[in-house]
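Where a number appears in this text, it was derived from the coordinates with a stated rule and is not lab data. What you see is a predicted model; the values in this text were computed from it and never measured. All Cβ positions, glycine included, derive from the backbone under ideal geometry; neighbour counts span all protein chains shown.
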Amino acid sequence: VTSRGGRNVKVGRLLGQGLVFTEASELLGNPTLEGAFAIRVIGGTLPKLTERGLIGSDEFPLLRHLYEVVAEDKPVNMPWSRFFGGEPRTAPATR
Amino acid sequence: MSSIAILGSGVMGSALAVPLSDNGHDVRLVGTHLDPDIIDSVAASGEHRGLGLRLPESVRAYQLDDAEEAFDGVEIVLSGVNSFGVRWAGDQLARLLRPDMLVIAIAKGLDANAEGDLRILPEVLAELVPADVHSHTGWAAITGPSIAGEVASRRDTCVVFAGEDQRVTTAWLMPSGRTPTTYGRRPISSGPRCARRRRTATRSRPDSPRASWRDSVNRIPSTAYTTTRPPSSLRATSRCAGWSTYWADEPKPPTGSQGLGIAM
């Protein structure tokens with residue numbers, strides 16, 4: 001299946017090892033990466049959809065980060081704390 | 001048996017020629033303008049270098065210049081180009097499609113307009129075909145979770161056909177007369193045939209693990225696999241992929257993919 005041997009996953013593994021997207025892609029011989037292209041297309045719409053008020057600026061943190069990784073060559077730094085609506089700003093009161 | 005033209009002889013389009021041909025369909029593989037060498041090779045020996053194997057002898061290879069001949073009288077057209085070639089393929093289909101043909105699109109992905117609205121690529125493909133032909137053709141899509149190499153070498157895998165009109169997905173590949181929603185060369189569910197394979201594989205292992213396992217897999221009858229009861233994991237995968245998929249043994253859901261404007 002694609003999650004085990006696909007080209008996008010191979011790039012993903014390299015990204016996880018610390019390479020940036022262009023380095024990872026180059027190392028694999030710059031293959032056609034439809035998944036990465038999809039991130040570019042979909043991620044590229046997020047600022048527009050946010051501006052139109054269709055989505056919130058705190059929504060789709062994973063996709064926004066993937067766009068930074070693929071389109072802006074930023075290192076992977078998953079925004080875990082922003083997933084699922086984000087962590088509470090203050091720690092819950094302990095009893 | 002159906003006559004099927006595959007437009008694009010890249011790895012996935014060509015890989016699908018294998019199960020289609022195995023199922024007795026008349027398969028015509030048409031190369032794009034980037035594929036003349038592939039087509040020459042397939043025509044000469046069946047050898048497809050991208051896949052690293054020989055395609056079945058019954059697969060006929062056509063250069064793009066002969067596409068009209070290849071499309072003559074086919075019932076089903078598989079658009080076998082990737083997402084970067086969708087617009088090119090749409091332009092080709094605009095001249096090659098005839099009313100009553102069914103089109104299955106391979107390319108996954110989304111297309112965005114300047115305002116940020118998204119559409120699935122099969123819609124982009126269909127839109128390029130003139131309205132008078134478009135309205136008399138059927139449109140559907142095929143997606144993984146298989147990869148081309150697995151499909152071409154007849155490994156256990158599966159693909160999902162999806163579409164807004166179930167008549168299209170149903171008309172596609174129906175050797176058994178049942179309603180297929182998934183298709184693969186061999187069973188992938190945890191049904192009895194799959195269990196039999198596991199037992200055979202285990203028994204054969206002691207002699208020479210790898211070779212015996214492969215032999216045991218190859219002994220499985222290579223009939224078509226269609227089912228109306230795909231594994232739940234496959235349903236979940238397909239839904240996550242955002243296709244407007246539904247299954248023949250389930251009631252049709254009221255809406256399609258949310259946010260993509262697909263009405264079902």
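Excluding residues on the same chain fewer than 8 positions from B:Lys108, give the aspartates and glutamates whose Cα lies under 17 Å from its Cα. Filter leaves A:Glu34, B:Asp117, B:Glu123, B:Glu127, B:Glu164.
In summary, the aspartates and glutamates within cross-link reach of A:Lys74, defined as a Cα separation below 16 angstrom excluding same-chain residues under 8 places away, comprise A:Glu23, A:Glu26. Could I have the simple spin-label model distance between A:Leu54 and B:Trp88, label points 7 Å from Cα toward Cβ, reported in nm to one decimal? In this crude label model, A:Leu54 to B:Trp88 measures out at 2.9 nm. Projected label points at B:Arg155 and B:Met1, each 7 Å from Cα along the beta carbon direction, are separated by 3.1 nanometres. Per residue of B:110-117, other chain Cβ atoms within 10 Å of the residue Cβ number 5 on average. Remark: the Cα gyration tensor places segment B:10-60 in the prolate category, a/c being 1.5 or greater and a/b exceeding b/c. When peptides A:41-52, B:14-25 are ranked by their average number of other Cβ atoms within 10 Å per residue, the highest-first order is B:14-25, A:41-52.
For peptide B:82-95, the mean count of partner chain Cβ atoms within 10 Å of a residue's Cβ comes to 1. Using a cutoff of 8 angstrom between alpha carbon atoms and counting only pairs six or more residues apart, the relative contact order for segment A:1-86 works out to 32 percent.
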